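Single-structure report; data block below.
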Amino acid sequence: MIVDEEEFHHLNNPADGIKPIVKKYLGIPTHAEQAGNKIFFTDGDAKVEVTVVTNEIIRIRLAPHSVFLEEFSYAVPKLPQKAVKFTLVENEQEFRVSTSEVNCHIRKQDFFISFSDKNDHVTSADAAPMHWEENTQFGGYYVFCTKTCEPQESFFGLGDKATEFNLRGKRLKNWNTDAYSFGFNQDPLYRSIPFYISVSDNIAHGIFFDNTFKAHFDFGAEDSTKTSFWADGGELQYYYIHGPHMMDVVKNYHLLTGTHPMPPLWALGYHQCRWSYYPENKVRVIANGFRQNRIPCDGIYLDIDYMDGYRCFTWSPKYFPNPKKMIADLAANGFKTVVIIDPGIRVDDNYSVFKEGKEKKYFCRRCDDYFMEGHVWPGRCQFPDFTNPEVREWWGDLFDDLVETGVAGVWNDMNEPAVFGSGTFPDDVRHQYDGYRGSHRKAHNVYGMQMVRATYEGLRKQMKNKRPFTITRAGYSGVQRYSSVWTGDNVASWEHLKLGNIQLQRLSVSGISFCGTDIGGFSGEPDGELFTRWIQMGTFSPFMRAHSAGDTKEREPWSFGEPFTSINRKFIELRYRLIPYLYSAFWEHHRYGFPILRPVVMQEQEVASNHFRQDEFTYGDKILICPVLEPGQKSRKVYLPKGTWYDFWNLETIEGGREITVPTPLDQLPIFVKAGSVIPEYPVMQYTGEKEIEEVKLNIYYSDYEVNSFLFEDYGETFAYEQDIYLEKKFVVKGDADKLAIKQTMEGLYTPRYEGYHIKLNGLPFKPTKIIADGKEIPTINSNPDKTYEFKFSKNFKQIEIFK
Ligand code: MIG
């Protein structure tokens, strides 16, 4: 990677003959002062604040001249409030703040800060005292933190970075950027997630550098013994998040920044998008195409051409003369309509949104009070200041017409923010920043997140508490509380398929589980094979949408003819069959902070080679996927973590902890199911809710050790789950040589409308002669040639035993 020296020396006005400003380092900590869960240390001039957030999370802040900035964060709306017991100890060498899990050491000799676990194993240690450099042009400081980097240390996270999954040896930057047709190793891209996970000696910890300014991370790139992060302004403020497992780190990162709210069930279906489907008749033809081809689809998208001259919140009278009727007809055919919205508002006094925004002074201004103007799709535009709560509320209310017209979801584009020519806003643009004020230097990385927040909150209000669906391109840590994301303008190439697979896993461990790529690649032309392989990967992306640029050929799942159409159908159907499984994984994400996609290193961080695996991942915790990422690939290597796995296609069992070679004909993708799993399945429908569910299929995979599985059920479209109106089911499966037992327990206040389960037993090592369910013998057991067995029983069963 290219290292730009200019980027980190920050010599201010060397031409003016002013002496270059030098970095200042913390001196010697003289004493400690405690106030509640905060402990302050000072070297006489600078101050350091250590906050005990939880037993696992400690926050560090630095104030170069003892004055801390006011506490405010878009990422962490509120710190966890539970009181935590901790101790502060002083000895000759150090001050030590200890919770039950973590020690934070402040070394007396040089103010080095380090962290260790309860076994006194040092997990993170300063390699230099925290330091800063005065910024004479803008005020404030460039702030720096440098830690040691261990020889075997690996790094993960940071959101959508387009590089190898393990970030060891990389230097990366956070500055939201519209990166059309980005390439491998291009940086930065659309989102800024200043959170990384380190794994060293099988112990994981996370660092969340909650700083919205342009920020930089170096994972042993410049000096292989050092890890550093720094920013062009703001405060040196970071959270140390203890593991010891990667999963613990991610869960605790979610505790700080929140999780995705439950999506409407339809949002987990297949979505079809293109720049653009218009006029109205084209949209209808596409929708009908899905139904004629019997390919399931729930969402259809309208890109910018639905608007009148690209004016947000308007409809083109020419192309969409009666949107309400069109949307109603689409809805009757099972389609939800999602429309795009951009932040640029056309400067046009005959356009009500512009007029109102201007009158109310809602648009961003430059430092000298000129309006921030720039060209985007509508021509000359001004831009709402989404960091102003009043503007967000206004923006949210602007959706009332669209909601009234029947729009079900909103796609937030161009919100890095993107401006033609210049790229983005100049640094001197001012922002209200929720009353805490800032220039664009500070607000840039949160602008998109605040836009989609305004959209989400507005929709939630307008939709009277039905779950809104939103998708955004830009974001900052915490954006997951408001939106799903897609990875932006990718390319129809095998390299991008590979990259997308990495990006989605990375987003998932960086707090953004509800993510997807443009299936097929946005720009360029995929052939049938690439498109089908992408559909196969997309089947296992939490968000599944095909999208393409306007200058490409038609790109629907049937566009490539046979055998592609049938294979695409088979996989989209599989997507729908697994919706209850995905929905349950989503609940585990929402409620407990588990990511939906889990890279292999997250399952087995103790296996060193897993730190460099980036193809395999699990979808939820039970299904392992390994996308096919090369053209013409007849077979590929797949690593299976320890334990017993079933090949999804032929039910063969395989012992994991090793690599195997799997055939990869075009109509198959390597899919493996963990032994002991209960995988819930819905019947194939053309869209979610097409038919009443009459029974849920439970696919049970025999194992001789105990395994738990979960199923989450609720109405799928309201916020009733916030009032505990849902059902959380737990299945425990355990087998031995001549018996298999399945137990079910339930919690929650929801009652699904279907009556029974259709149970399918896979991999039984014996032929069942008798099945006893809650004390009653099951009269009919169907056996299949592949030695699977099927029977039906009540959804309320407590225990089923299958005997040899
Ligand atoms: O300048 O709305 O990433 O998905 O189709 C291009 C048109 C603007 C960029 C988005 C893409 C979308 C396109 N948009």
Quick one: Cα centre-to-centre distance for segment 40-74 and segment 622-674, in angstrom?
-> 48
Estimated inter-spin distance, Asp738 and Arg437, nm [label 7 Å along Cα→Cβ] | 8.2
Given charges at beta-carbon only (K, R positive; D, E negative), |dipole| of the chain in Debye = 1820
Roughly how many Å² is the accessible area per residue of the chain, as a whole number, for a 1.4 Å probe?
-> 37
Size of electric dipole in segment 427-583: Cβ of Lys, Arg +1 and of Asp, Glu -1, about Cα centre, debye, nearest 20 = 1000
Spin-label pair Glu404/Glu655, simplified geometry with 7 Å Cα→Cβ offset, distance in nm = 6.8
Which pairs in the list Lys739/Lys792; Lys38/Lys226; Lys38/Lys214; Lys170/Lys642; Lys697/Lys787; Lys734/Lys776 are over 22 Å apart, alpha-carbon to alpha-carbon?
-> Lys38/Lys226; Lys38/Lys214; Lys170/Lys642
Rounded if a/c under 1.5, otherwise prolate or oblate - segment 602-756, Cα gyration tensor axes | prolate
So for R0 = 56 Å, FRET eff. of Gln93-Ser635 from the Cβ-Cβ r, to 0.05, ends up at 0.45
Residues of segment 394-433 with amide nitrogen under 16 Å from the 7 Å Cα-to-Cβ point of Glu356?
-> 394-405
Normalised per residue, the volume of the convex hull around the Cα set of segment 70-133 (Å³) | 148
Whether segment 123-219 is rounded, prolate or oblate, judged on the alpha carbon gyration tensor where a/c under 1.5 counts as rounded = oblate
Given pairs Lys498/Lys570; Lys147/Lys251; Lys570/Lys760; Lys461/Lys795; Lys85/Lys729; Lys251/Lys360 and cut-off 32 Å on Cα-Cα distance, the over-length ones are Lys461/Lys795; Lys85/Lys729; Lys251/Lys360
Residues of segment 728-758 with amide nitrogen under 19 Å from the 7 Å Cα-to-Cβ point of Lys792?
-> 752-758
Hand me the GluC sites (Glu not before Pro) from segment 664-740 located in a DSSP loop with no more than 15 other Cβ atoms within 10 Å, in residue order please.
-> Glu690, Glu692, Glu694, Glu706
Find, among the chymotrypsin sites (Phe, Trp or Tyr not before Pro) in segment 599-655, those assigned to loop by DSSP (not H, G, I, E, B) with at most 16 other beta-carbon atoms within 10 angstrom.
-> Trp649
Trypsin sites (Lys or Arg not before Pro) restricted to DSSP loop in segment 58-96 with at most 10 other C-beta within 10 Å = Lys78, Lys82, Lys85
Kindly work out what percent of the DSSP beta bridges joining two residues of the chain are antiparallel, to the nearest 5.
-> 80
Under the classification rounded if a/c is under 1.5, otherwise prolate if a/b is larger than b/c and oblate if not, where does the chain fall, given a ≥ b ≥ c as square roots of the Cα gyration tensor eigenvalues?
-> oblate
Check cross-link reach from Lys804 to the aspartates and glutamates: straight Cα distance under 13 Å, and skip same-chain residues fewer than eight apart.
-> Asp736, Asp738
Within the accessible area of the chain (1.4 Å probe), percent carbon and sulfur = 49
Efficiency by 1/(1 + (r/R0)^6): what FRET value for Val122 and Gln34, r their Cβ-Cβ distance, R0 = 35 Å, to the nearest 0.05?
-> 0.90
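The values are calculated or read from the model by the stated rules, or taken from the named source; none is laboratory data. Quantities reported herein were computed from a predicted structural model and do not represent experimental measurements. FYI the Cβ positions are ideal-geometry reconstructions off the backbone, even for glycines, and counts take in every protein chain you see. For accessibility, only protein heavy atoms count, side chains too; no ligands or nucleic acids. Shrake-Rupley method; radii C 1.70, N 1.55, O 1.52, S 1.80 Å.
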